[in-house]
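A.B. asks: One structure coming up, written as structure tokens, with questions to follow.
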Amino acid sequence: MPKKVNVICTNCPMGCGITLTVDEKSDEVINIEGNKCKQGKEYALAEYKNPVRVLTATVRTNSLENPLLPVRTDKPVPRDKMKEMMYVVARVNVKKPVQLGQVVEQNIMGMDVNLIATENLT
Amino acid sequence: MTVEDKNIDILIIGAGPAGLAAAIRAKEEGVSNVTIIERDKILGGLLHQCIHNGFGLWYFGKDMSGPEYANRFINMVKDLGINILLDSMVLNITPDKKVTFCNKNGVQTLEPKAIILTMGCRERSRESIMVSGNRPAGVFTAGTAQRFVNVEGYIPGKEVVILGSGDIGMIMARRLTLEGLDVKAVVEVLPFVGGLIRNEVQCLHDFDIDILLKHTVSWIHGKERVEGVTISEVDNKMIPIAGTEKDVKCDTLILSVGLVPENELSTMAGVKLDPITGGPVVDEYRMTNIPGIFAGGNVVQVHDLVDNVSWESEIAGFNAARYAKGEMFKEGKIRLIPGNNIRYVVPQVISGEEDVTVYMRVREPKEMVRVKIGDVVRKAERIVKPSSMLKYDLSHEKHLSKLTEGTKEITISCSEKGK
Ligand SMILES: Cc1cc2nc3c(=O)[nH]c(=O)nc-3n(C[C@H](O)[C@H](O)[C@H](O)COP(=O)(O)OP(=O)(O)OC[C@H]3O[C@@H](n4cnc5c(N)ncnc54)[C@H](O)[C@@H]3O)c2cc1C
Ligand code: SF4
């Protein structure tokens with residue numbers, strides 16, 4: 001039985017609603033429709049197979065003026081793991097000084113993803 | 001900077017992305033004293049609290065967070081030897097360009113050769129959209145909530161309703177959800193989402209947050225603290241429909257209902273404002289009606305992409321430098337008039353003798369349209385939306401030289417094809 005999966009392409013303001021037809025047994029994508037250009041096809045495939053996002057958040061610091069330091073993952077992470085990752089982020093504490101780009105937490109949840117500072121903390 | 005150091009060529013008011021880009025561009029033109037004055041303790045403006053990514057995709061070809069984008073410019077400002085006055089609030093500007101400001105040394109006045117206005121925007125509040133109900137604690141603008149959560153380290157509440165589907169509201173919906181709050185719904189009075197499609201998908205759909213189009217918050221409940229809101233459907237005139245009310249329990253209401261350019265200083269200086277954009281009327285040099293006063297960024301028009309803020313302000317910086325060096329500009333003889341389905345156009349006036357990039361926004365979303373700039377440009381667009389600014393390059397050689405002698409107005413329109 002083929003199933004239908006809907007995704008919205010975010011590559012341009014058109015925001016095409018794209019429907020993928022997927023074979024439930026083999027998980028093979030049989031058909032993609034609704035995209036108004038080629039880019040949309042690739043996007044829909046990626047969104048179906050492995051939707052990823054960069055996670056941005058803040059971590060605590062020992063600075064009185066700047067109690068928080070903004071951070072992000074150094075590569076996109078699976079969308080469905082973002083909430084779980086926030087529990088790891090919530091436990092990170094950094095001591096000044098921290099340089100923009102510095103790794104503040106390594107290999108989160110063993111996923112080969114690091115958390116990096118996106119601001120200097122002096 | 002000391003009080004004696006008053007020989008300023010260009011004074012830039014506000015150190016957000018607009019001010020930083022303008023300062024860098026002006027300094028690169030070889031102007032000796034470029035000074036930025038900022039009321040905050042740090043450079044970067046709004047970007048410090050915009051910790052999410054999505055900045056710089058166009059300007060740097062890289063997906064950056066707000067602080068990362070800001071730091072690129074801050075480093076350049078420092079390397080170039082641009083003067084910086086922090087913790088200093090500008091109080092007044094006169095039409096002859098005397099700028100009064102106040103900081104811990106007291107009130108002082110500067111007399112720069114040129115000024116660039118880059119004060120950014122302010123958020124619309126509960127008062128500006130007149131939400132009915134009680135006046136309990138727990139009603140925040142999205143930017144205030146963003147500052148609490150991202151900079152100061154407080155969460156605004158536990159259960160949240162967001163009114164308005166602008167980008168800031170959607171970004172806060174995701175941010176608060178990730179911080180463990182329960183975002184019950186995003187409520188939008190219009191029949192379409194106000195922000196970018198990317199934010200709708202990545203901030204709302206990703207987290208299964210409901211979006212209620214053609215709905216509004218018609219009452220705020222609670223005495224000391226928000227206890228809930230009433231959400232109603234609205235008719236085509238945006239009036240709540242009786243009988244459609246639904247009560248939703250929440251302790252926080254966040255408003256993301258638009259930004260207004262911050263132009264009190266501009267008005268004091270005699271700068272003419274465009275009633276639609278709320279920003280100064282500018283020409284292709286980003287100069288206002290007051291010679292030597294320029295403007296760029298959100299103070300001119302509410303931008304959705306910081307990349308355009310930087311580009312626009314570079315135009316102001318470049319031309320302020322030319323002005324400070326004594327160059328003369330061509331007269332703005334031609335008005336650009338918003339026509340069918342066009343809400344506004346920036347710049348509002350041009351000389352017709354130089355290349356120019358025009359920015360505009362449509363009133364309503366439409367598919368398969370043709371944008372016409374007078375008779376000189378016709379451009380087919382698959383889709384236009386109020387949330388996405390349109391941008392066209394007009395070249396003097398290819399387009400503007402084709403105008404008939406003595407043209408005083410060019411109307412810009414966006415019509416469905418075949419009509
Ligand atoms: C919440 C939010 C999310 C956004 N998300 C994105 C995004 O994902 N991607 C993207 O590309 N863009 C985004 N933007 C847009 C972008 O950040 C803004 O367009 C940009 O910050 C505007 O720059 P600006 O320099 O004009 O104004 P601002 O950054 O507001 O800077 C104005 C500066 O002027 C100073 N100032 C004002 N008045 C005075 C005075 N009297 N004296 C001294 N100083 C003064 C202020 O303190 C401030 O520092 C977002 C904007 C907001 C609000
Ligand atoms: S499929 Fe093509 S046209 Fe449609 S939203 Fe994606 S990029 Fe835009």
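A.B. asks: My understanding is that a pair violates if its Cα-Cα distance is over 24 Å; which of B:Lys214/B:Lys385; B:Lys97/B:Lys325; A:Lys4/A:Lys36; A:Lys25/A:Lys75; A:Lys49/B:Lys184; A:Lys75/B:Lys366 do that in this structure? Don't skip to the end; give the middle numbers.
C.D. replies: Values: B:Lys214/B:Lys385 17 Å; B:Lys97/B:Lys325 16 Å; A:Lys4/A:Lys36 18 Å; A:Lys25/A:Lys75 31 Å; A:Lys49/B:Lys184 29 Å; A:Lys75/B:Lys366 36 Å.
Listed pairs above 24 Å: A:Lys25/A:Lys75; A:Lys49/B:Lys184; A:Lys75/B:Lys366.
A.B. asks: Do you know which residues of region A:105-122 lose at least 20 square angstrom of accessible area in the protein assembly compared with their chain on its own, with a 1.4 angstrom probe?
C.D. replies: A:Thr118, A:Glu119
A.B. asks: For chain B, calculate the relative contact order in percent as a whole number, restricting contacts to Cα pairs under 8 Å that are 6 or more residues apart.
C.D. replies: Values: 1015 pairs, mean separation 64.8, N = 419.
Across chain B, relative contact order equals 15 percent.
A.B. asks: Something else now. Pop out a list of residues from region B:205-233 that are at least 40 Å² less accessible with all the protein chains around than in their chain alone; 1.4 Å probe, no ligands or nucleic acids counted.
C.D. replies: Checking the loss per residue gives B:Asp206, B:Phe207.
A.B. asks: Right, something else. Excluding residues on the same chain fewer than 8 positions from B:Lys41, give the aspartates and glutamates whose Cα lies under 20 Å from its Cα.
C.D. replies: Of all the aspartates and glutamates, those that pass the test against B:Lys41 - Cα under 20 Å, at least 8 places apart if same chain - are A:Glu65, A:Glu119, B:Glu68, B:Asp79, B:Asp87, B:Glu152, B:Glu262.
A.B. asks: Could I ask something else about it? Out of region B:152-198, which trypsin sites (Lys or Arg not before Pro) are coil in DSSP terms and have no more than 13 other C-beta atoms within 10 Å? Please list the in-between numbers first.
C.D. replies: Working: sites: B:Lys158, B:Arg174, B:Arg175, B:Lys184, B:Arg198; in loops: B:Lys158.
Hits after loop and neighbour filter: B:Lys158.
A.B. asks: So what's chain B giving for Cα Rg divided by 2.2 N^0.38 Å, two decimals? Please list the in-between numbers first.
C.D. replies: Working: Rg = 22.4 Å, N = 419, 2.2 N^0.38 = 21.8 Å.
Cα-based Rg divided by the globular estimate yields 1.03.
A.B. asks: How far is helix B:167-178 tilted, in degrees, relative to the longest principal axis of the Cα atoms in chain B, given as a value from 0 to 90 rounded to the nearest 10?
C.D. replies: With rounding to tens, the tilt is 50 degrees.
A.B. asks: A further question on this structure: Just give the residues from region A:69-94 buried by at least 20 square angstrom of accessible area in the all-chains context relative to the isolated chain, probe 1.4 Å, and say none if nothing qualifies.
C.D. replies: The answer is A:Pro70, A:Arg72, A:Arg79, A:Met82, A:Lys83, A:Met86 - residues whose exposure falls by at least 20 Å² when every protein chain is included.
A.B. asks: Right, another one. Stretch B:Glu159-B:Phe207 to full length: gain in nm at 0.36 nm per residue minus the Cα-Cα span? Before the final figure, lay out the partial values.
C.D. replies: Details: separation 48, 0.36 × 48 = 17.28 nm, distance 1.50 nm.
Computed gain between B:Glu159 and B:Phe207 is 15.8 nm.
A.B. asks: Another question about this same structure. In terms of the ratio Rg/(2.2 N^0.38 Å) built on C-alpha atoms, what value belongs to region B:125-257? Could you put the intermediate results ahead of the total?
C.D. replies: Numbers: Rg = 13.6 Å, N = 133, 2.2 N^0.38 = 14.1 Å.
Scaled against compact globular proteins, the figure is 0.96.
A.B. asks: A further question on this structure: Which of B:Tyr69, B:Tyr154, B:Tyr285 moves most in a GNM of chain B, Cα contacts under 10 Å?
C.D. replies: B:Tyr154
A.B. asks: Under a Cβ-only charge scheme (Lys and Arg +1, Asp and Glu -1), can you give me the dipole magnitude of chain B about the Cα centre, in debye to the nearest 20?
C.D. replies: Values: 51 positive and 55 negative charges, 127 e Å.
Result for chain B is approximately 600 debye, rounded to the nearest 20.
A.B. asks: List the GluC sites (Glu not before Pro) within region B:358-419 that fall in a DSSP loop (any state other than H, G, I, E or B) and whose Cβ has at most 14 other Cβ atoms within 10 Å. Please list the in-between numbers first.
C.D. replies: Details: sites: B:Glu367, B:Glu381, B:Glu397, B:Glu405, B:Glu409, B:Glu416; in loops: B:Glu397, B:Glu405.
Those satisfying the criteria are B:Glu397, B:Glu405.
A.B. asks: Hey, another quick one. Tell me the angle of helix B:306-324 to the major Cα principal axis of chain B, expressed in degrees between 0 and 90 and rounded to the nearest ten.
C.D. replies: 20
A.B. asks: Helix B:17-28: angle to the longest alpha-carbon principal axis of chain B, degrees 0 to 90, nearest 10?
C.D. replies: Its long axis makes an angle of about 20 degrees.
A.B. asks: Leaving out ligands, DNA and RNA, and with a 1.4 Å probe, what % of the accessible surface on the protein assembly as shown is carbon or sulfur? List each step's numbers first, then the result.
C.D. replies: Numbers: 12570 of 25070 Å².
Of all accessible area on the protein assembly as shown, carbon and sulfur atoms account for 50 percent.
A.B. asks: Taking a probe of 1.4 Å, how large is the accessible area per residue of the protein assembly as shown, in Å²?
C.D. replies: Working: 25070 Å² over 541 residues.
Spelled out: the 1.4 Å probe surface of the protein assembly as shown, per residue, equals 46 Å².
A.B. asks: Expressed as a fraction of 2.2 N^0.38 Å, the rule-of-thumb size for a compact globular protein of N residues, what is the C-alpha radius of gyration of region B:220-260?
C.D. replies: Values: Rg = 12.3 Å, N = 41, 2.2 N^0.38 = 9.0 Å.
Scaled against compact globular proteins, the figure is 1.37.
A.B. asks: Extending each Cα 7 Å along its Cβ direction at B:Asp79 and A:Cys12, get the distance between those two points in nm, one decimal.
C.D. replies: So the two model labels end up 3.5 nm from each other.
A.B. asks: To continue, here is another question. Hey, if you put +1 on the Cβ of every Lys and Arg and -1 on every Asp and Glu Cβ in the protein assembly as shown, which of A:Pro2, B:Ala22, B:Ser387 ends up farthest toward the positive end of that dipole?
C.D. replies: Checked the options; the winner is A:Pro2.
A.B. asks: May I pose another question? Excluding ligands, DNA and RNA, what is the accessible area buried between chains A and B, summed over both sides, using a 1.4 Å probe, to the nearest 100 Å²? Spell out each step's value before the answer.
C.D. replies: Numbers: alone 8230 and 19320 Å², together 25070 Å².
Accessible area lost upon association: around 2500 Å².
A.B. asks: Could you tell me the extents of the protein assembly as shown's C-alpha atoms along the three principal axes, largest first, rounded to whole Å?
C.D. replies: If we take the Cα atoms of the protein assembly as shown, the spans are 73, 63, 49 Å.
The values are calculated or read from the model by the stated rules, or taken from the named source; none is laboratory data. In this text, all values refer to a predicted model and were calculated from it rather than measured experimentally. Positions of Cβ are backbone-derived with ideal geometry, glycine not excepted, and every protein chain shown enters the neighbour counts. Areas reflect the complete protein model, heavy atoms only, side chains present, ligands, DNA and RNA absent. Shrake-Rupley method; radii C 1.70, N 1.55, O 1.52, S 1.80 Å.
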